[in-house]
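Structure first, commentary second.
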Amino acid sequence: MRSARLDRPTAFEPDHPDDDATTLTAVTVMVGGRRRPRRAVDALDLDLGVGVHGLLGPNGAGKTTLMRVLATVLEPTRGQVRLLGRDVTEARARRQVRRRLGYLPQTFGYYPRFTVREFVTYFAWLKEMPSEGSALAVDDAIERVGLSDRADSPMRTLSGGMLRRAGLAQALVNRPELLLLDEPTAGLDPEQRLDFRVLLRELGLDTTVVVSTHLVEDVASACTRVALMDVGRLVHTGTPTSLESFVNESDPVEDPREEGSSALERGYTAALRAHRARITADAKATR
Amino acid sequence: MNPEWHLSPAQLAGYANGESGATEAWSAEAHLVGCSLCRAELALALREPQRAAIVEVRGALLATLPAQARPASHSMPPLARLVLRPAALLAVLLTLAVAVLLNLAWQQGTHLDVTGNGLLWLVTPALPLVGVALCAVGEHDPWREAILATPSAGLRLLLWRTAVVLAVALPSATLAGLALGNVGPGLWLLPGLALTTVALALGTLISLERAAAVTATAWCVGSLLPALVSSGGNVSTALRQHALTASYSTTTLFSGAAQGVWAGVALAALAVLVLRRHSYERLPRAAGTRSA
C-alpha cells in the first residue's frame, strides 16, 4: 500500500467557510415499518472531525443504521444531519456531499461480469469524477488496498477478503473527505488487517474516517477517537485509552470470561455495563 | 527554468563521445540536469551506438515499473456497460422472441386462415418493463447501498437506464411487428410509454422490481380479460385465443379514445414521479432492519 496521494478535486463550498464538520443533532431513526416500529438510533448527538473514529457496540446497537444515516442513504425520522458542513436534507447539498463521500456497506455481493478495475471505474463514474483523471484514480485506489495483481480478475474469482478490499477501493476512489466503513475488517486475514490499519492511520491524517467494528483491537491500533453505542444511544466518546478508565481494578467481582482480555476490551464491557446499570436505575427512579 | 548560458557544440560533442575530462563531464552533467535546451542538443549530438544503448536502458527501466504505474485506460468499460447490465437488454429481446415464435407456432398449428398476432400486441407495451425492472438499482443490486451514497443515484440514473432499455425495446418491437405484418409502433407506443412511466411512479412507493411486475401483470390481465371471460378463466386457452384473433382493431385498449386516456395516465404518472423523485435516492426505512 502506497502513501502518495493524488490531489482532491476542489470547488466545494460549505455554508460557512470554516465549518466543514460532520455533526448529528438529536437524530432518531425508526426502522421496521409501521407494524413493528423500533428506535434503531435514539436522539443521538455526534461530532466528527478529521481523524479515525471507531464506532463500537454490540450487535443490534444501531451501528449500521447510524452508518447509513451518515452515508445519506437513510433519512432520519427526526434530527439534523450536517455532513462536511452541509445540511443533507436539501437535494443539491446532498449531491455535493455525496461527491466527497466514500461508503463501504456491511453487506454486498459482486457483479459477476465485472473485473476489479471495471468495478472501481464504475464507481468513479457514479461519483461523477472527471473521466480524464479517473483511470489514474482507479489504479491508485486499487493499489492502496493491495489488489493491483488482481486488478483485471473477474470479481467472481475473488475471495471474501479480496472482495471486501475491492469494496474499499470503490470507497476510496474519489479520495473522500468523509469515509464510512461498516465492518471493514470482517473476512480479512491477520496480515491484511495489519495493512488495513496502516492505511486507516494514513487516511486519518486528512480525512474524517468512521469505522464501525465489534473488534476492540481494531480500535486500539488505528483509531484516534472511539464512540461506544448501545441500543441506539451513545454510551461514551473519547480516546481509545479513555475506555480503559471504566475498569475498576479494585472491583472484586471479576468475570472469569474476561481472563486474558486486553485492558481496552475490559473497558469496553465495563462501560457498557455501567451504562446499562444507569439505565435500569433511571427506569426504577421514574417508576 | 533554463539557465542563461549553454554548453557549446564542442563541449556537447566531447561529452557525447566520452572524450571530455572528469571535471568537465561533471560540470556538463550538472548543467544538463537543469537545462532542457542542452538536453535536446545532446540528443542530436549522440551517435548511433550510444543512442541505441539509451533506448535499451529506457525500455528495460519501463519494463521493470509495476503495472499499476501506467493507467490502463483501455479497461474503461463502454458507457452502455456502465449504464446497465447486458442481461436486462437480453431479457427484453428474449421476451419479444418468445412472444413472436409462440404466436407464429400457434398460427401454423391451426388449419384456419388466421393472421392474428395478439401476443405481440400483448407483450410489446409491457416490454420496457422487463428491462427497467432488471437494470434498476433495486433490491437485487448487490452494491445498492454503496450506489445510493453516490451523487449519480436517483431519478437521473434511472431515466438514463430506462432510455437505454427503450432504445432497445422500441426498435426491436417495431421490427418484430413488421415481420408479423403489423403496422409498426403507431398504436402501442403511447400505452408502452404510459406503462413505463406508471411503473417508475409506482416504484417510488414500492420497490421498482415489484412495481414493474405489478404494472406488467395488470396490463396482461386487462388485455386478456375478454379472452379470459370467453374461455371461462383458462389462461392457456385465453392466451391462444388472444394470439390468434386479437389485433389492434379489435382491442379497445388501442382505440382512439383509449390513446387519449393513455396520454393522460402517462402525464399523471410523470407528475407523481417528479414529485416523489427523491425516494430513488434513499433506502426505504423499513428495509433498514435487515442488519442492525
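A short reminder: the numbers here are calculations on the coordinates, not readings from a lab. Please read all numbers here as calculations on a predicted model, not as lab measurements. Heads up, the Cβs are rebuilt from the backbone with ideal geometry, glycines too, and the neighbour counts pull from every protein chain shown.
What is the calculated FRET efficiency for B:A10 to B:E56, with r their C-beta to C-beta distance and R₀ = 41 Å, to the nearest 0.05?
0.90
Which of B:N103, B:N17, B:N117 moves the most in a Gaussian network model of chain B with Cα springs under 10 Å?
Among B:N103, B:N17, B:N117, the largest mean-square fluctuation in the Gaussian network model of chain B belongs to B:N17.
Relative contact order for chain B: what is it in percent, counting Cα pairs under 8 Å that are at least 6 residues apart?
In percent, rounded to a whole number, it is 20.
As a check on your grasp of the helix formula, calculate [θ] at 222 nm for chain A: sum -39500 (n - 2.57) over DSSP H runs of n ≥ 4, divide by the residue count, round to the nearest 500.
Computed mean residue ellipticity for chain A: -11500 deg cm²/dmol.
Pop the C-beta distance of B:L44 and A:D87 into the FRET formula with R0 = 56 Å and round what comes out to the nearest 0.05.
Efficiency at R0 = 56 Å is approximately 0.35.
Gap in Å between the Cα centre of segment A:73-128 and the Cα centre of segment B:242-279?
Each part's Cα centre sits 35 Å from the other's.
Roughly how crowded by other chains is peptide B:149-159, in terms of the mean Cβ count from those chains within 10 Å of each of its Cβ atoms?
6
Measure nothing fancy, just the Cα-based angle from helix A:131-144's long axis to the longest principal axis of chain A, in degrees from 0 to 90, nearest 10.
Helix A:131-144 sits at roughly 50 degrees to that axis.
How much net charge surrounds A:D189 when only other residues with a Cβ under 12 Å from its Cβ are counted (Lys, Arg +1; Asp, Glu -1)? All intermediate terms of the calculation are to be shown ahead of the outcome.
Numbers: positive: A:R164, A:R165, A:R193; negative: A:E191, A:D195.
Overall, the nearby charge balance is +1.
Rounded to the nearest 5, what % of DSSP beta bridges with both residues in the protein assembly as shown are antiparallel? Show your work: numbers first, answer last.
Details: 19 of 37 bridges.
Once the DSSP bridges in the protein assembly as shown are tallied, antiparallel ones form about 50 percent.
So if I place +1 on the C-beta of Lys and Arg and -1 on the C-beta of Asp and Glu, and nothing else carries charge, what would the dipole magnitude of segment B:142-292 be about its Cα centre? I want it in debye, nearest 20.
Magnitude of the dipole: close to 380 debye.
For a footprinting-style exposure proxy, rank A:Y110, A:Y268 by other Cβ within 10 Å, fewest first.
Result, fewest neighbours first: A:Y110, A:Y268.
Do the sum for chain B: with -39,500 (n - 2.57) for every DSSP H run of n ≥ 4, divided by all residues, what is the mean residue ellipticity at 222 nm, to the nearest 500 deg cm²/dmol?
Roughly -21000 deg cm²/dmol at 222 nm, from the helical runs in chain B.
Assigning unit charges at the beta carbon (Lys, Arg +1; Asp, Glu -1) and nothing else, what dipole magnitude in debye, to the nearest 20, does chain A show about its Cα centre?
The dipole of chain A has a size of about 1360 debye.
Magnitude of the Cβ-charge dipole of segment B:9-69, K/R +1 and D/E -1, about the Cα centre, nearest 20 debye?
So the magnitude is around 180 debye.
Would you look at the GNM of chain A, springs on alpha carbons closer than 10 Å, and say which of A:A40, A:A71, A:A135 moves the most?
It is A:A135.
Cysteines of chain B lacking any other cysteine beta carbon under 4.7 Å?
Cysteines of chain B left without a disulfide-compatible partner: B:C135, B:C220.
Which of these, A:A263, A:A21, A:A222, has the largest mean-square fluctuation under a Gaussian network model of chain A (Cα springs below 10 Å)?
Among A:A263, A:A21, A:A222, the largest GNM mean-square fluctuation belongs to A:A263.
If you line up the long axis of helix B:256-275 against the longest principal axis of chain B, both from Cα atoms, how many degrees apart are they, to the nearest 10?
Once rounded, one gets 50 degrees.
At 0.36 nm per residue, minus the direct Cα-Cα distance, what do A:A21 and A:S242 gain on full extension? Give it in nm, one decimal, please. Show your work: numbers first, answer last.
Numbers: separation 221, 0.36 × 221 = 79.56 nm, distance 2.28 nm.
Between A:A21 and A:S242, full extension yields 77.3 nm more.
Out of A:V73, B:V229, B:N17, whose Cα points farthest toward the positive end of the dipole of the protein assembly as shown (charges: +1 Lys, Arg; -1 Asp, Glu; placed on Cβ)?
Checking the options against the dipole of the protein assembly as shown, the answer is B:V229.
Could you state the per residue volume, in Å³, of the convex hull enclosing the Cα atoms of the protein assembly as shown?
It is 274 Å³ per residue.
What FRET efficiency would be calculated for the residue pair B:A268, A:E191, taking the C-beta separation as r and a Förster radius of 45 Å, to the nearest 0.05? All intermediate terms of the calculation are to be shown ahead of the outcome.
Values: r = 59 Å, r/R0 = 1.31.
Once the sixth-power term is evaluated, E becomes 0.15.
Near B:C135, within a Cβ-to-Cβ distance under 11 Å, what is the net charge of the other residues, with Lys and Arg +1 and Asp and Glu -1?
0
Roughly how many nanometres apart are two label points built 7 Å out from the Cα toward the Cβ at B:L65 and B:S230?
With each label placed 7 Å out from Cα toward Cβ, I get 7.3 nm.
Where does each of B:C38, B:C135, B:C220 land when they are ranked from fewest to most other beta-carbon atoms within 10 angstrom?
Final ranking by Cβ density, sparse to dense: B:C220, B:C38, B:C135.
What full-extension length gain, to one decimal in nm, is calculated for A:D47 and A:A277 as 0.36 nm per residue of separation minus the Cα-Cα distance?
80.2 nm
Got a sec to turn the phi values of segment A:274-287 into Karplus ³J(HN,Hα) couplings, 6.51 cos²θ - 1.76 cosθ + 1.60 with θ = phi - 60°, whole Hz, x for Gly and Pro?
Working through the residues one at a time gives 4, 5, 5, 5, 5, 4, 4, 5, 4, 4, 5, 5, 7, 5 Hz.
Modelling each spin label as a point 7 Å along the Cα-to-Cβ direction, I'd like the B:E24/B:A167 distance in nm, to one decimal.
6.7 nm
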